[in-house]
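Down below is the structure, laid out as structure tokens.
The values are calculated or read from the model by the stated rules, or taken from the named source; none is laboratory data. Predicted model only: the values in this text are computed from it and were never measured. Using ideal geometry, Cβ is built from the backbone for each residue, glycine included, and neighbour counts are taken over all protein chains shown.
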Amino acid sequence: MTRILGITLFLLATTSIRAEAQTAAKSLAERLGYARDARLVIVHADDLGMTHSVNAASIKGLESGLVTSASIMVPCPWFPEMAEYAKAHTDADLGLHLTLTSERVFYRWGPVAPRDKVPSLVDANGYFHLNWTDTTHIDAKEVELELRAQIERAIGMGVRPTHLDSHQYRLFENGKDIFESVLRVAHEYKLPLFVVRDWFAGRPYLESSLGPDDLVADHTVTIEPGVAPQKWADFYTAALKNLQPGVTVFIIHLAFDDEEMRAATRERDTWGAAWRQRDFNFFTSERFRALVRDENIKLVTWRELANAPK
């Protein structure tokens, strides 16, 4: 009886210690010097390097101070322009938008690694697949090889990335082996990987693969095709007014609705020229600036998160 009582007390004590440790652990907001219930936002522009139009709009967004972060697609045709910008603007919070698909019908790109080294990643014409389906066999080792090639090209051309993320979330949504490939690469280059706590319930392998030193954002917001164009600003306004405490990453897509962007995305409207112009219009607007001020939202960057005290 005494032995059972001792074991019970030990288990209760252990549970209490764990609970206290979890309570005592600082949130990302606290590590950055804010209150635990502070609402922090990274305004993150995707797809830099895709076209000149994307680059020009994203640079303007970054220089407005309202777009705080962005990530670059190394395999895309306009990557060199962004590499030059990154070299000249070392304070810009620029990560790498690791890319393994080429989803546009008339505007394509392929791997940085030699095609014969990554055959599972390319179609019959040597481009990345338009999409990954249940019948697309993707080799995790080839994924890792291509990711390293993209990072090495970026570094070799003068980019000093602040973080890594994934085009179309492919590296997060396609199983444990693919996710562990990108996680190994992130650890090797000592770069934070964009992972969100809200994803854990649907993809438990994400949480189980992460270590105690991996950064995890709390929430993410991205607009979906079901939102009508005239409701664009209303969607973002509601999202900002209803922010939860912690770090929320707004994933946005910027470009100008010009001839180049319309041609590159003409097969469908989703994430096309008009879509990206609407994102640009909102996130560089006085309405957004006022919301940030009035809602006491703190705009932060990936560099700040990476440099936050443990």
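Inspect all residues belonging to segment 181-202 and state whether any of them is aliphatic (A, V, I, L, M), crowded, with 16+ Cβ neighbours inside 10 Å and touching a Pro at 6+ places or on another chain (Cβ under 8 Å). Yes, segment 181-202 contains a residue that is aliphatic (A, V, I, L, M), crowded, with 16+ Cβ neighbours inside 10 Å and touching a Pro at 6+ places or on another chain (Cβ under 8 Å).
When the helices (runs of 4 or more DSSP H) confined to segment 246-310 are screened for residues that are under 24 Å from Ala228 (Cβ atoms), those reaching at least 3 such residues are found at 259-264, 273-283, 286-294.
Being outside any helix (DSSP H, G or I) and either acidic (Asp, Glu) or modelled with pLDDT of 95 or more (or both): is that true of Tyr85 here? Answer is no for this residue.
From the set of residues in segment 284-300 that are surrounded by fewer than 21 Cβ atoms within 10 Å (Cβ to Cβ) and within 19 Å of the chain's Cα centre (by Cα), which is nearest to Gly95 (Cα to Cα)? Residue satisfying both the conditions and the ranking: Leu299.
Exactly one residue out of Leu240, Leu206 is part of a helix (DSSP H, G or I) and without any contact (Cβ under 8 Å) to a residue 40 or more places away in the chain, and it is Leu206.
Evaluated against (1) touching a Lys or Arg at 6+ places or on another chain (Cβ under 8 Å); (2) at pLDDT 95 or above; (3) not small (Gly, Ala, Ser), Asp234 falls short on exactly one condition, (1). The set of residues in segment 34-65 being closer than 26 Å to Arg293 by Cα, outside any helix (DSSP H, G or I) and either of a type in the set (S, T, N, Q) or within 17 Å of the chain's Cα centre (by Cα) (or both) consists of Leu40, Val41, Ile42, Val43, His44, Ala45, Asp46. Residues in segment 66-82 that are touching a helix residue (DSSP H, G or I) at 6+ places or on another chain (Cβ under 9 Å), of a type outside the set (A, V, I, L, M, F, W, C) and assigned to a helix (DSSP H, G or I): Glu81 only.
A single member of Arg197, Arg184, Arg170, Arg153 is of a type in the set (Lys, Arg) and touching a strand residue (DSSP E or B) at 6+ places or on another chain (Cβ under 8 Å), and it is Arg197. When we screen Arg148, Arg108, Arg104 for residues that are in contact with a Phe, Trp or Tyr (Cβ under 7 Å, 6 or more places away or on another chain) and of a type in the set (D, E, K, R), the only hit is Arg108. Among the numbered conditions (1) acidic (Asp, Glu); (2) surrounded by fewer than 22 Cβ atoms within 10 Å (Cβ to Cβ); (3) closer than 19 Å to Arg266 by Cβ, the only one that Asp47 does not meet is (2).
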